[in-house]
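Written below as structure tokens is the structure these notes are about.
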Amino acid sequence: MYRNVSNFIMGMIMELPTRAKKAREQRQRSRFLAVRRQFDDKTQKMAEHLPGDLSDRRIPSMVLLCPGYPASGLDGLQIPGNKKIEERKLSLIYIPKVVDGTNDFWKSVILGAKMAAKEYNAEISVLAPSEENDVKRQNELLEEAIQNEPDAILFSPSSFTESDELLKKARDMGIRISFIDSYTKEEIQDLTVSTDNLEAGEKLGKFAATLLGPDDQIAIVAHVKGVSTAVEREEGFRKGLGELADNIVDVVYCDSQYEKSRKLTIELMQKYPDLKMIAGMNEYSSVGAARAVKAAGAKDSIQVVGVDSSQEAVQLMENGVFKGLVVQKAFKMGYMGVKETVLMLRGKSYEKNVNSGCELVTPDNMYNSEIEKLLFPFNTLKFS
């Protein structure tokens, strides 16, 4: 009898660390979910400060993982409220790769650009195709922007080469050029604000390598073939994988379409039955791949990692589909793009090349307080 009691007590003692860890994780998760429930209300109040024509006057509920500021809390940057520069209002036109209500990355970039325009006394118009791979339409909008002769055109090129001639035309007319997110073959721009995409890819590759065995097969689902972000992220991913890069069996391109990414992923799973990892290179490719793996019930046999995030991506991580995401600071990218452009136009000191940064988010750190600030940046944003 005494031996049984002793064993029972010893068993309880041995379980204490595990129980404490589970309780701590549950408290972290509960706090995380509470913040999420409050987030929509807070971001709706933010909309009152914004200019422009956001379709429903709501900030995307996941300005989220990609938006603006590092986990340390807004990178030391404070939005200056109603303190505007008392000078001529500048005319800016921003042409992103796409305006898509389902893509939180681009919604956050545009939101950051509009907020900076309001704060730094500039008028900004946003012109964009409805699909990210529509280079022809983007160039038509670029031609339209040039005809309007703004002080500056902010541009996120979808092609590495096909916009150069129009950009040269704008520059020759005295229009200043700023690149946001990506760039072109020729150095036409006055400044660039973007993620260091080689770094982002390498971070993803190094993390992916920790999940793989020496012979595990890997496939890449990228977004638009030839665009600088896709090229550099893949290069960085291969570098981060090291010797495991030899295990990449295929690279496919979804043209930044969720459904095409999903279908391509299904084809990859059928073509390579021993596939162990799929890596997405942007939000469309990553989420589309994760949808396919989840639907196939393969989340435990095929590891999914990616770049960018959204509300859906976070839910897919919570459900165990995404094992890791390298998240861009999209809000910061848009905000700094406009801010540095305005400083340049005012003849003030400005940064010619700005790395807006990125962070690796995993199931192990997504509930941490510092990552929470990255997931929900407006909880720390202060107006003065």
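The values are calculated or read from the model by the stated rules, or taken from the named source; none is laboratory data. These figures come from a predicted structure and were not determined experimentally. Here Cβ is always computed from backbone atoms with ideal geometry, including for glycine, and neighbour counts include all displayed protein chains.
Looking at (1) under 18 Å from His223 (Cα atoms); (2) assigned to a helix (DSSP H, G or I), find the lone condition where Leu142 falls short.
Of everything listed in (1) under 18 Å from His223 (Cα atoms); (2) assigned to a helix (DSSP H, G or I), Leu142 misses just condition (1).
Select from the range 302-346 the residues that are among the small types (Gly, Ala, Ser), in a helix (DSSP H, G or I) and closer than 21 Å to Glu202 by Cα and list them in ascending order. Steps first, answer last, please.
Of the range 302-346, the ones among the small types (Gly, Ala, Ser) are 306, 309-310, 313, 320, 324, 330, 334, 337.
Now narrow it down to the ones that are in a helix (DSSP H, G or I): 313, 330, 334, 337.
Correct list: Ala313, Ala330.
Name the single residue that is surrounded by the fewest Cβ atoms within 10 Å (Cβ to Cβ) among those in the range 219-259 being assigned to a helix (DSSP H, G or I) and of a type in the set (Val, Ile, Thr). Before you say what the answer is, go through the steps one by one.
Taking the range 219-259 and keeping what is assigned to a helix (DSSP H, G or I), we get 228-247, 258-259.
The next check asks that each one be of a type in the set (Val, Ile, Thr); those that pass are 229, 231.
Working: Thr229: 27, Val231: 19.
Here the answer is Val231.
When you go through (1) touching a Leu at 6+ places or on another chain (Cβ under 7 Å); (2) under 30 Å from Asp246 (Cβ atoms); (3) part of a helix (DSSP H, G or I) one by one for Leu212, which number turns out not to apply?
(3)
Each row is one residue, and each column tells you yes or no for (1) basic (Lys, Arg); (2) modelled with pLDDT under 95.
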| residue | (1), (2) |
| --- | --- |
| Ala116 | no, no |
| Ile124 | no, no |
| Leu154 | no, no |
| Ser159 | no, yes |
| Lys203 | yes, no |
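Taking only pairs six or more apart or across chains, which ones have beta-carbon atoms under 6 Å, a first residue in the range 211-224 that is outside the structural domain of Ile266 (by TED's automatic domain parsing) and farther than 18 Å from Ala290 by Cβ, and a second residue that is crowded, with 18+ Cβ neighbours inside 10 Å and of a type in the set (Phe, Trp, Tyr)?
Listed pairs, sorted by first residue: none to list.
Filter the range 121-141 down to residues that are touching a Lys or Arg at 6+ places or on another chain (Cβ under 9 Å) and within 24 Å of Leu343 (Cα to Cα) and give me whichever is surrounded by the most Cβ atoms within 10 Å (Cβ to Cβ).
Among residues in the range 121-141 that are touching a Lys or Arg at 6+ places or on another chain (Cβ under 9 Å) and within 24 Å of Leu343 (Cα to Cα), the one surrounded by the most Cβ atoms within 10 Å (Cβ to Cβ) is Ala122.
In the range 180-206, how many residues are surrounded by 24 or more Cβ atoms within 10 Å (Cβ to Cβ), outside any loop (DSSP other than H, G, I, E, B) and not polar (S, T, N, Q)?
6
Take the residues of the range 89-109 that are at pLDDT 90 or above and part of a loop (DSSP other than H, G, I, E, B): which is surrounded by the fewest Cβ atoms within 10 Å (Cβ to Cβ)?
For the range 89-109, the residue satisfying everything is Lys89.
Might you let me know whether the range 264-273 holds any residue that is more than 21 Å from Asp216 (Cα to Cα) and either surrounded by 24 or more Cβ atoms within 10 Å (Cβ to Cβ) or in contact (Cβ under 8 Å) with a residue 24 or more places away in the chain (or both)? So that I can check it myself, show each step before the final result.
Initial filter on the range 264-273 (more than 21 Å from Asp216 (Cα to Cα)): none.
No, because not a single residue in the range 264-273 is more than 21 Å from Asp216 (Cα to Cα) and either surrounded by 24 or more Cβ atoms within 10 Å (Cβ to Cβ) or in contact (Cβ under 8 Å) with a residue 24 or more places away in the chain (or both).
Could you go through the range 336-344 and let me know if any residue there is of a type in the set (Gly, Ala, Ser), under 23 Å from Asn103 (Cβ atoms), at pLDDT 95 or above and over 14 Å from the mean Cα position of the chain (by Cα).
Going through the range 336-344, the residues of a type in the set (Gly, Ala, Ser) turn out to be 337.
Adding the requirement that they be under 23 Å from Asn103 (Cβ atoms) leaves 337.
Subsequent filtering for residues that are at pLDDT 95 or above retains 337.
Now restrict to residues that are over 14 Å from the mean Cα position of the chain (by Cα): 337.
Yes - at least one qualifying residue is present in the range 336-344.
Which of the residues belonging to the range 130-150 are within 14 Å of Lys97 (Cα to Cα), modelled with pLDDT of 95 or more and in contact with a helix residue (DSSP H, G or I) (Cβ under 9 Å, 6 or more places away or on another chain)?
Listed by number, the residues that qualify are Asn139, Leu142.
Please name all residue pairs, on different chains or six or more residues apart, with Cβ atoms under 6 Å, provided the first residue is in the range 154-173 and is under 22 Å from Met333 (Cβ atoms) and free of Cβ contacts under 8 Å to residues at least 24 places away in the same chain and the second residue is acidic (Asp, Glu) and surrounded by fewer than 19 Cβ atoms within 10 Å (Cβ to Cβ).
The qualifying pairs do not exist here.
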